[in-house]
1. Label TRP342 and ASP243 with points 7 Å out from Cα along Cα→Cβ: what is the distance between them in nm?
2. When the Kirkwood hydrodynamic radius is evaluated over all pairs of different C-alpha atoms of the range 222-274, what value in angstrom, to one decimal, is obtained?
3. Within 13 Å, Cβ to Cβ, of PRO367, how many net charges do the neighbouring residues add up to if Lys/Arg are +1 and Asp/Glu are -1?
4. Using a 1.4 Å probe over the heavy atoms of the protein chains, calculate the carbon and sulfur portion of the accessible area of the chain as a whole percent.
5. Over the Cα atoms of the range 194-313, what is the Rg over Rh ratio if Rh follows Kirkwood?
6. Once R0 is set to 30 Å, what does the formula 1/(1 + (r/R0)^6) return for the Cβ-Cβ distance between HIS76 and GLN38, expressed as a FRET efficiency to the nearest 0.05?
7. Could you compute the net charge surrounding THR301? Neighbours are other residues with a C-beta less than 13 Å from the C-beta of THR301; K and R count +1, D and E count -1.
8. Where does the Debye-calculated log10 I(q)/I(0) of the range 75-175 sit at q = 0.17, 0.23 Å⁻¹, using only Cα point scatterers of equal weight, no solvent?
Amino acid sequence: MTEQTGSPSEQSAPPPGCPARVDGVRLGGLEYQQTPAQLYRSLRSEHGAVAPVLLDGDVPAWLVLGYSEVSYVTGHDELFARDSRRWNQWENIPADWPLMPFVGYQPSVLFTEGAEHQRRAGVITEALEGVDQFELARDSGRIADRLIAEFAGSGQAELMSAFAHALPMRAAVQMCGMPHTGEDTQHLVDDLRISLDAAEGDDPVAAYTRVGERIQLLVKEKREKPGADVTSRMLQHPAGLTDEEIVQDLISIIAAAQQPTANWICNTLRLMLTDERFALNVSGGRLSVGEALNEVLWLDTPTQNFIGRWAVRDTQLGGRQIRAGDCLVLGLAAANTDPQIWPESHVGPENSAHLSFSHGEHRCPYPAPLLADVIARTAVETLLERLPDLVLAVEPQELTWRPSIWMRGLSALPVEFTPASH
């Protein structure tokens with residue numbers, strides 16, 4: 001984590017001149033966590049497509065809610081850039097700010113711009129293109145089988161921890177050349193969750209540091225003994241990335257593969273177990289798993305909001321005056337449900353123009369969304385095939401969402417089924 005200048009600020013209100021000085025809405029609270037769509041609707045009706053909001057510690061930012069506005073911001077890097085050192089709020093940001101893992105500048109592909117970003121993203125793209133999708137599906141199926149075998153005999157399970165989080169993480173680390181089981185990998189899973197989606201009492205900054213140390217060790221191992229994996233391909237790429245650059249970019253790859261894919265799996269299972277279009281015929285004749293996966297990306301996208309972009313100069317967006325250095329949060333979930341594009345709130349299964357993988361130069365690099373789809377689809381299909389009478393163990397309204405404005409995922413998904421021997 002690169003240390004930023006500035007010291008903790010004990011202010012009760014944002015300083016003068018900040019975008020959210022008067023009417024910033026705090027992003028948080030129980031109502032927001034459980035029904036964010038309602039908050040997006042009220043923000044949109046009160047403020048339009050770009051709303052002034054307050055992040056942790058009442059730090060001001062803009063939440064971009066409109067589909068066309070998010071597309072515009074992500075398509076115009078010359079106006080809205082990724083290098084967070086532009087931020088005009090650093091003097092008010094404490095070193096232990098909970099969002100530091102998201103915004104503290106690092107030599108990562110996430111914060112690069114222009115030709116340097118193309119170079120770094122190119123290495124990731126080529127390394128991921130080397131992943132055989134059939135092999136990944138086979139490996140994901142095997143991992144799913146092993147995880148299911150651990151709880152199949154009991155007739156009940158909590159799928160978030162026992163299945164949805166564990167599977168994409170194991171698949172991702174195996175893809176990168178780490179063993180997919182063991183204490184080491186489990187610690188990495190836990191630390192990544194904490195750094196991306198901290199619960200009360202967690203230390204996201206310390207967790208992020210531990211993630212970096214473990215990936216550093218992986219890069220060292222692969223430099224000495226390369227294999228047929230993403231890490232080795234990045235090390236051998238002619239672009240000649242440094243070890244530090246590769247460590248940072250691998251963290252981005254593994255983090256993107258794990259938490260969002262875990263929530264994608266779980267949100268899809270929730271949809272299929274609670275929506276009569278799926279739930280009445282879980283064992284056959286249902287709408288397809290692919291349709292459920294796509295609908296979730298539109299209506300319950302795993303990454304709700306993404307921080308962020310920083311204005312390169314004073315500009316206008318959605319009728320708002322954006323100042324140079326202002327922070328913009330990409331409201332991916334709000335944009336996907338923008339009534340301008342879905343006047344009837346109807347999602348067509350064939351339509352994949354959602355912004356769940358973002359958009360533009362900094363979107364999730366190809367073929368990452370395809371690989372995530374392979375992992376998620378295999379996970380859901382394997383589970384329903386092995387446990388065909390799977391049902392929720394609680395009433396649908398008893399399910400609760402994790403208290404995060406960034407990720408959309410359940411705190412638990414308890415299920416019951418006929419015990420099966422494997």
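The values are calculated or read from the model by the stated rules, or taken from the named source; none is laboratory data. Since this is a predicted model, take the numbers as computed values, not measurements. Please note: Cβ atoms are built from the backbone with ideal geometry, for glycine as well, and neighbour counts cover all protein chains shown. In case anyone asks, the SASA skips ligands and DNA or RNA and just uses the protein heavy atoms, side chains included. Shrake-Rupley method; radii C 1.70, N 1.55, O 1.52, S 1.80 Å.
1. Rounded to a tenth, the inter-label distance reads 4.7 nm.
2. Kirkwood radius, the range 222-274: 13.1 Å.
3. After counting each charged neighbour, the total is -3.
4. The C+S portion of the solvent-accessible surface of the chain is 50 percent.
5. Ratio of gyration radius to Kirkwood radius: 1.10.
6. 0.50
7. After counting each charged neighbour, the total is -2.
8. These q points yield log10 I(q)/I(0) values of -0.92, -1.13.
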